[in-house]
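Each reported figure results from applying straightforward, stated rules to the coordinates on display, with no laboratory input. Note that the coordinates shown come from a computational prediction; the quantities given were computed from them, not determined experimentally. Counting neighbours? That spans all protein chains shown, and the Cβs are built from the backbone with ideal geometry, glycine included.
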């Protein structure tokens, strides 16, 4: 049995003046980690902020943990954790002071010292917020989102601009949250982040969800994968094609560099290598390129995701 | 509750809940007060400037304050200034920057309700004012101040003044940009310091200007405090009325126009 949706958005429309930020968006997120992926300006933040109760939909309905984020915010707020894209901390406050304060607003908060340790904020506990690095500020915002032991956490671009090490620390925490039964909705424009963390990915462009599914489903859907190998130039492509399944194509791109396009699975790999063996070819470089979410996004929108 | 992995037991296992309201509001008030007392510019406004003005103008005969000891004229005015510096100038600037830095936004998604946040802000303003009154009263007494009147009347005036200034300060903080609030709040502080009967008696101004200046909240507060503390008058109804009108108008406008982001 699939669990109840944690977030249910139906036909959401949100305009700012004449600009339509969200244009009839439908999204269902269930327990686990859902990544909302899209380029800047796609409507990710507006969608998430509507779920957090910051914005009133112009039309459409939004339910978070079964509640209306605006009308029932009093019941909802203790149950969610919010990480804003930036800010949220008194400029005169110290990192540990702010986190302890947010903890005090909750009935059963996490152990603040352990959380500070966990996120590597120990060294900046006494440092004023303004003097923290961007990465430290982001980790503090993440800590503030989880300290109240929420059921559902919204993370708006949690790793934007982080160095690889800090990004990995954030990813580890998201995995731990998921493992302990916390649902996570995160926005990102990093493909890799969605692929690494998400059970479910919703791709947003121009205020609508244009595809949704697990990273595997999205990568599989319609897309073909590529196998490349190098050998001596001038191999008999016709003979190779006869050995391959009917829907595959093969070509020698440059002398000695071969490419097979089709449904790349272990069987195909075995077929190619045994054909090479029969023809006395040593494929000295062989690689399989899986279709990535980046490719999917490009195919769906004709746009590069990274801006 | 359903989860992806069955019953949750780990460190982060959900256990949501708001803290009891009194605890949330107390925590918020303590934090706000700490932020205020830590801020150098705020301390300059709330403690250093009123103290310096009180000492300087009581000891050196710069402004003719009429008959009697000048400290008896000045102390009520300086107390009014202190209320204005905390409830209006300080609160406007702090809240303006909290809005700018997303603090108000972040707190809006916390379990603390908005009215709880406003209650905490008011408590923090009142705590600061108590500290100011203690400090300034001690200095004034050392300078030979002899207060009169009913302390309850003084208290009522201070509370009404706080309400009036808070409404105006929050109106400014919730509608202008943080930088504009910073500039405007300081400018207003300076202008009202000069023209609000704080250190310069209003009868030094031409009659036309005076009748307008008398309607300012800081003038009503200094005048009311002076009537009680200097002359031992009963409750100054006129001044209380002016302050009450400012309080109602200011708080209503702030409630209507305040933008949280």
- Query: Expressed as a fraction of 2.2 N^0.38 Å, the rule-of-thumb size for a compact globular protein of N residues, what is the C-alpha radius of gyration of chain A?
  - Reply: 1.23
- 18 Å cut-off, amide nitrogen to a point 7 angstrom out along residue A:299 Cα→Cβ, residues in region A:240-255: A:247-250
- Query: Ranked by Cβ crowding within 10 angstrom, fewest neighbours first, how are B:145, B:260 ordered?
  - Reply: B:260, B:145
- For chain A, modelled as a GNM with alpha-carbon contacts under 10 angstrom, which of A:231, A:122, A:134 fluctuates the most? A:231
- Task: Report the antiparallel proportion of the DSSP beta bridges in the protein assembly as shown as a percent, rounded to a multiple of 5.
- Result: 65
- Please find the FRET efficiency linking residue A:217 to residue A:242, where r is the Cβ-Cβ separation and R0 is fixed at 45 Å, and quote it to the nearest 0.05. 0.90
- Message: Based on alpha-carbon atoms only, what is the radius of gyration of chain B relative to the globular estimate 2.2 N^0.38 Å?
- Response: 1.15
- Message: I'd like the Kirkwood hydrodynamic radius of region A:52-173, using the inverse of the mean 1/r over distinct C-alpha pairs, in Å.
- Response: 15.1
- Let me know the whole percent of all Cα-Cα pairs from region A:240-307 that are separated by more than 17 Å. 52
- Task: For region A:10-120, count the residues as N, evaluate 2.2 N^0.38 Å, and divide the Cα radius of gyration by that value, please.
- Result: 1.24
- Message: Can you report the principal axis dimensions of the protein assembly as shown using only the alpha carbons, biggest first, rounded to whole angstrom?
- Response: 117, 47, 46
- Query: Separation between the residue B:261 and residue A:4 pseudo-spin-labels, each 7 Å from Cα along Cα→Cβ, expressed in nm?
  - Reply: 2.7
- Rounded to 5, percent antiparallel among DSSP beta bridges of region A:125-245: 50
- Item | Ranked list, fewest to most other Cβ atoms within 10 Å of each Cβ, for A:127, A:34 | A:127, A:34
- Query: Between the helical axis of B:237-257 and the dominant principal axis of chain B, each derived from Cα atoms, what acute angle in degrees is found, rounded to the nearest 10?
  - Reply: 30
- Message: To make sure I understand, if each residue's beta carbon is the centre and we count other beta carbons within 10 Å, what order do A:129, A:16 fall in, fewest to most?
- Response: A:16, A:129
- Please label the shape of region A:131-201 as rounded, prolate or oblate, based on the square roots a ≥ b ≥ c of the eigenvalues of the alpha-carbon gyration tensor (a/c under 1.5 means rounded; beyond that, a/b larger than b/c means prolate, else oblate). oblate
- Please report the orientation-averaged projected area of region B:55-171, defined via the convex hull of its C-alpha atoms, in nm². 8.7
- May I ask you to compute the full-extension gain from residue B:253 to residue B:51, defined as 0.36 nm times their residue separation minus their alpha-carbon distance, rounded to one decimal in nm? 69.5 nm
- Could you give the length gained on full extension between residue B:41 and residue B:114, defined as 0.36 nm per residue of separation minus the Cα-Cα distance, in nm? 23.6 nm
- Item | Pairwise label distance in nanometres, residue A:28 with residue B:215, each label 7 Å out on the Cα-Cβ vector | 6.3
- Query: Sorted from largest down, what three extents in whole angstroms do the Cα atoms of region B:120-261 have along their principal axes?
  - Reply: 47, 38, 26
- Using the alpha-carbon atoms, what tilt in degrees (0 to 90, nearest 10) does helix B:21-38 show relative to the longest principal axis of chain B? 50
- Enter the Cα centre distance for the pair region A:39-65 and region B:102-175, rounded to the nearest angstrom. 37
- Message: Per 0.36 nm of contour for each residue apart, how much would the distance between residue A:114 and residue A:196 grow if the chain were fully extended, relative to their Cα-Cα spacing?
- Response: 27.0 nm
- Query: Pairing the Cα long axis of helix B:114-142 with the longest principal axis of chain B, what angle in degrees results, from 0 to 90 and rounded to the nearest 10?
  - Reply: 30
